[in-house]
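K.L.:
Just passing along the structure, written as structure tokens.
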Amino acid sequence: MKAALLALVALGAAAPAAAAAGVTIKPYGTTREGRDVFQIILRNERGMEVRLINYGAIVTDVIVPDARGRKANVALGFGTLAEYETKNGNYGFGAVMGRYAGRIANARFSVDGKPVTLAANDGPNTLHGGPGGFDTKIWDVRPTGSGGDAGAVLHYVSPAGEQNFPGRLDVTVTYTLTRKNELRLDYQARTDAPTALNLTNHSYFNLAGAGSGTVRDHVLTIPANRILETSPAGIPTGAYVDVAGTPFDFRRGAVIGTMMDRPHPQLEGRRGINHSWVLGNRGRLALAASLRDPASGRRLDVLTTEPSLLAYTADYFPGTDAGAQGAIYRKHDAIALEAQHFPDAPNRPDFPSTILRPGETYRATTVFRFSADRR
């Protein structure tokens, strides 16, 4: 991999400062273990730019114009590899989460009657598969794209037993920046033994610009009628909550702060929104959410093939760490819109299955589409 990337680095270094649409790959740093990490820069002809690193398959920057054409990075993240290594375990900025995004109750499940015991890292439960997840791995990378689209294919092979999950897992995530100002993520995976799998991208967005303050004034739309009822620990109870008349009714669009301040049993003892909406797309690529910043005019539409969308309003940011912009990231300074399967699905046969078997191919697609209101 390194030799091939060095050739690409040379190509990227020769690119002009105001590069046209395409892909640039260049060195980003070296991990504590001495492994080289690369930055991948995707640009389209409309001036949108997405930056990734192959550590954690992390989206570090999403640079888009506002209604007046002024560009800003709307994705929260750190400014150095060292910070991603030492601090990102508390945030998951921009990373691919796996093997299992979300929570698994009591850090255990079974596949075909065989018990699987995971590491508990969220009280008695497992969050995002436990320590040593995909957000900490070095992924292979190669450029792709054509016809004005710019992309990168990131690939990782997870050995059997990693995070205690069964099966050797071969995972590919293709990031494509399209001519339509869409960041498209196509996931694909295969296994050699039955295993549980749930992947998502964990980017946090602030459409006024990362580091600019709260997203409580953003307007969120989620065209879904139900959320999963969860315990205070975030574990599904098996019941559903009809959103009508509740703080979770974003079907016609609502201001985030206004809704999260309303009383509801599902918000008691919690610091904001961290809930899964049940989507009705039936595996087809369809709109899952829209986010709009009235001040800048920026808009983000999220489309996905996945059956749920978890919205998380950065409720547990400690207010101690500065992002790449130099500003301290505080509670409610961003929102994550995580398209994925249901939490704890391996323990709930009534939920859409997350079991992947040999001979099957896991496929999922999520699209982040950016635009701006005309002023």
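Nothing in this text is a laboratory measurement; each read-out follows from the coordinates by a stated rule. Bear in mind the structure is a predicted one, so any value in this text is a computation, not a measurement. No Cβ is skipped: glycine too gets one built from the backbone with ideal geometry, and neighbour counts run over all protein chains shown.
K.L.:
Taking +1 at the Cβ of each Lys and Arg and -1 at the Cβ of each Asp and Glu, which of Gly123, Leu300, Pro194 sits farthest along the dipole of the chain towards its positive end, judged by Cα position relative to the Cα centre?
P.N.:
About the Cα centre, the residue reaching furthest to the positive side is Leu300.
K.L.:
Just want to confirm a number: the relative contact order over the chain, from Cα pairs under 8 angstrom separated by 6+ residues, in percent.
P.N.:
It rounds to 17 percent for the chain.
K.L.:
Provide the FRET efficiency to the nearest 0.05 for the Thr117-Arg46 pair, computing r from the beta carbons and using R0 = 45 Å.
P.N.:
After rounding to 0.05, the efficiency reads 0.40.
K.L.:
On a C-alpha basis, how far is the centre of the stretch 310-364 from the centre of the stretch 46-97 in Å? Whole number, if you could?
P.N.:
What the calculation gives is 16 Å, centre to centre.
K.L.:
Still on this structure, please answer the following. Mind checking which of Leu267, Leu52, Leu303 has the largest fluctuation in a GNM of the chain, springs on alpha carbons under 10 Å?
P.N.:
Leu267
K.L.:
Still on this model: If I model the chain as equal point scatterers sitting on the Cα atoms and use the Debye formula, what is log10 I(q)/I(0) at q = 0.06, 0.09, 0.14 Å⁻¹?
P.N.:
Each listed q corresponds, in turn, to -0.21, -0.48, -1.24.
K.L.:
Something else: Using only DSSP helix segments of four residues or longer, with each worth -39500 (n - 2.57), what per-residue ellipticity at 222 nm results for the chain after dividing by its residue count and rounding to 500?
P.N.:
Rounded to the nearest 500, it is -1500 deg cm²/dmol.
K.L.:
If the reach is capped at under 24 angstrom between alpha carbons, list the lysines near Lys87, excluding any in the same chain fewer than eight residues apart.
P.N.:
Lys87 reaches Lys26, Lys137, Lys331.
K.L.:
Now a separate question. Using a 10 Å cut-off around each Cβ, can you sort Arg369, Arg292, Arg298, Arg363 from fewest to most neighbouring Cβ atoms?
P.N.:
Ordered by Cβ neighbours within 10 Å, fewest first: Arg363, Arg369, Arg292, Arg298.
K.L.:
So how do Tyr316, Tyr204 line up by other beta-carbon neighbours within 10 Å, fewest first?
P.N.:
Placing the least packed residue first, the sequence is Tyr316, Tyr204.
K.L.:
With θ set to phi - 60° and the Karplus curve 6.51 cos²θ - 1.76 cosθ + 1.60, what are the ³J(HN,Hα) couplings of the stretch 170-175 in order, to the nearest whole Hz, using x for Gly and Pro?
P.N.:
Those phi angles translate into 9, 10, 10, 10, 9, 9 Hz.
K.L.:
Quick one: which residues, 5 or more positions from Gly77 or on another chain, have an amide H under 5 Å from its amide H? H modelled 1.01 Å from N in the peptide plane, none for Pro or chain starts.
P.N.:
It is Ala324, by chain and number.
K.L.:
Something else: Let's see if you can work this out: charge +1 on each Lys and Arg Cβ, -1 on each Asp and Glu Cβ, no other charges. What is the dipole magnitude of the chain about its Cα centre, in debye to the nearest 20?
P.N.:
760
K.L.:
Among Phe342, Phe205, Phe250, which one shows the highest mean-square fluctuation when the chain is modelled as a Gaussian network with alpha-carbon springs under 10 Å?
P.N.:
With Cα springs under 10 Å in the chain, the top fluctuation among Phe342, Phe205, Phe250 is at Phe250.
K.L.:
Multiplying the sequence separation of Ser110 and Thr86 by 0.36 nm and subtracting their Cα-Cα distance, what value in nm do you get?
P.N.:
Fully extending the segment from Ser110 to Thr86 adds 5.4 nm.
K.L.:
So how do Ser308, Ser296 line up by other beta-carbon neighbours within 10 Å, fewest first?
P.N.:
Result, fewest neighbours first: Ser296, Ser308.
K.L.:
Using a ≥ b ≥ c from the Cα gyration tensor of the stretch 104-192 (square roots of the eigenvalues), is it rounded, prolate or oblate, where a/c under 1.5 gives rounded and otherwise the larger of a/b and b/c decides, a/b for prolate?
P.N.:
Prolate.
K.L.:
Between Thr31 and Val157, 0.36 nm times their residue separation minus their Cα-Cα distance comes to what?
P.N.:
In short, 43.5 nm is gained.
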